[in-house]
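Peer 1: First the structure, which I've put down as structure tokens, then a few questions once you've had a look.
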Amino acid sequence: MNKNVTKIALIALALSTASSALGAGKLEIFSWWSGDEAPALDALVKLYSAKYPSVAVDNATVSGGAGTNAKAVLKTRMLGGTPPDSFQAHAGQELIGTWVVAGRMEDLSGLFKSEGWDKIFPQSVLRLISTKGQIWSVPVNVHRSNVMWYNPAKLKEWGVTPPKTWGQFLSTCATLKGKGLASPLVMGENWTQQHLWESVMIGSLGPSGWNNLWSGKMKFTDPRVVSAFTTYGKVLDCANTDASGLSWQQASDRIVDGSAAFNIMGDWAAGYYTTTKKLTPGTGFGFSPSPGTNGTFVMLADSFGLPKGVKDRAEAINWLKVLGSKQGQDTFNPLKGSIAARIDSDVSKYNTYSQSAARDWRRSTIVGSMVHGAVAPESFTSAFGAVIDQFVSSKDAQGAAAAAQELAVRAKIGQ
Ligand code: GAL
């Protein structure tokens, strides 16, 4: 009996070793890139499947911009002991402040060394994904958050140009309202309102002021921050009143159909306009840095990590290898609207929007996005939506600044 059991176990072991050498098996990846957001990920999965044809890929997605829904489902799975083989998380505090501190992720520094990634990803990105020499996820891209999108033909028709400061934005808004455009600015659900807030803050405080908020050198109750909140309130007066019911894609549509003049959104909007809507950068849609942020690149990066104890570890590592590769990044990013995180990407594969983003990435002051997980402790980021919700209805700048400061203290910013 015992002999038989041992024999069966040995056969099973031999089979599983043989199958993982061949790459046979399963792989479950988890992200929020579904529907309109899916084409870039689909192309990456296709590339993986071409390399590992016998692996069945379960591309599990939970839709909802910025991962608002996916992060909650991921939490249930991680805590329930059924982690996906690899999951999407923003490079930075979103992963480090959660599953890394909880000891649930594998250190990938060995993989970075063996793949040569410690030399091929820029230091600014490596710093974001590392703690004390350990590296926690593989970045697939760099997105820019501080972009203002518009419809060039409509701006021409209205006789306005893209405003360069928030002051100019407010006067352009008044002009457009005078011409009968009820809401010159379009925004969507809560996280897009936070996204707009981030651009107003950085455009008002400058990149070093923004960094000082996260190092604790500047308090949220500082008069400059209160004043930026006041500006944000005025900017909100230019926006649509049905925002809470709109996805970021629906908000982006209003630029195309001319029912709004401006939208502040990350450059996944470029992916949506070019890949889904088949528009041409510069004519089908226009773009400029959000007001007051010329020379600043507010960055975030999507990355994938490897939870401890996954079912299909070998397949997951192969997945990470594909998404960190030059071919992987230059397959994914031209469709996504982002640029490669790698420094050796082939720019000829990208459209003119992305080429301009790549140029700006090299020559701008780089700061991290709060809303998209790069710069602030996760406990701050996850609670900040309530501050914005409250502010959108009260427009109480002092009150919002005090509430944000309370969150900063609780999140131990600057301590
Ligand atoms: C961001 C993410 C982007 C894009 C966007 C909208 O947080 O980094 O890749 O998916 O949300 O969902």
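Peer 1: What aspartates and glutamates could a cross-link reach from Lys132, if we take a straight Cα to Cα line under 12 Å and drop same-chain neighbours fewer than 8 places away?
Peer 2: Partners within reach: Asp107.
Peer 1: Same structure, new question: Report, by chain and number, residues whose modeled amide H sits under 5 Å from the one on Phe297, excluding near sequence neighbours (fewer than 5 apart, same chain).
Peer 2: Distant-sequence amide H within range of Phe297: Thr365, Ile366, Val367.
Peer 1: For the chain, find the longest principal axis of its Cα atoms and tell me its angle to the long axis of helix 190-215, 0 to 90°, nearest 10.
Peer 2: With both axes taken from Cα atoms, the answer is about 90 degrees.
Peer 1: Something else now. Against the longest alpha carbon principal axis of the chain, how many degrees, from 0 to 90 and to the nearest 10, is the axis of helix 166-178 turned?
Peer 2: 70
Peer 1: Under a Cβ-only charge scheme (Lys and Arg +1, Asp and Glu -1), can you give me the dipole magnitude of segment 69-180 about the Cα centre, in debye to the nearest 20? Show your work: numbers first, answer last.
Peer 2: On the way: 14 positive and 7 negative charges, 115 e Å.
With Lys and Arg at +1 and Asp and Glu at -1, about 560 debye.
Peer 1: Find the relative contact order for the chain and round it to a whole percent, using C-alpha pairs within less than 8 Å whose residues are 6+ positions apart.
Peer 2: 26 percent.
Peer 1: A further question follows. Checking the a/c ratio against 1.5 first, then a/b against b/c, what shape does the Cα gyration tensor give for the chain?
Peer 2: prolate
Peer 1: Among the DSSP beta bridges whose two residues both lie in the chain, what percent are antiparallel, rounded to the nearest 5? Mind showing how you got there, number by number?
Peer 2: On the way: 19 of 35 bridges.
So the antiparallel bridges in the chain amount to around 55 percent.
Peer 1: Counting only helical runs of four or more DSSP H residues, what would the 222 nm mean residue ellipticity of the chain come to if each run contributes -39,500 (n - 2.57) and the total is spread over all its residues? Intermediate results must be reported in sequence, preceding the final value.
Peer 2: Values: 17 runs with 202 residues, N = 415.
That comes out to -15000 deg cm²/dmol.
Peer 1: Using the crude model of +1 on Lys and Arg Cβ and -1 on Asp and Glu Cβ, and no other charge, please compute the dipole size for the chain relative to its Cα centre, in debye to 20.
Peer 2: Roughly 680 debye for the chain.
Peer 1: What angle do you read, to the nearest 10 degrees and between 0 and 90, between the alpha-carbon axis of helix 378-394 and the longest principal axis of the chain?
Peer 2: 30
Peer 1: Calculate one ³J(HN,Hα) per residue across segment 301-312 by plugging θ = phi - 60° into the Karplus curve 6.51 cos²θ - 1.76 cosθ + 1.60, and present them in order as whole Hz with x for glycine and proline.
Peer 2: 9, 8, 9, 10, x, 10, x, 5, x, 6, 6, 10
Peer 1: Just list whichever of Lys164/Lys349; Lys26/Lys308; Lys26/Lys336 have alpha carbons separated by over 20 Å in the model shown. Intermediate results must be reported in sequence, preceding the final value.
Peer 2: On the way: Lys164/Lys349 30 Å; Lys26/Lys308 17 Å; Lys26/Lys336 25 Å.
From Lys164/Lys349; Lys26/Lys308; Lys26/Lys336, over 20 Å: Lys164/Lys349; Lys26/Lys336.
Only the coordinates and a few stated rules stand behind these numbers; no lab work does. Because the structure is a prediction, the values reported are computed rather than measured. Neighbour counts run over all protein chains shown; Cβ positions are idealised from the backbone, glycine included.
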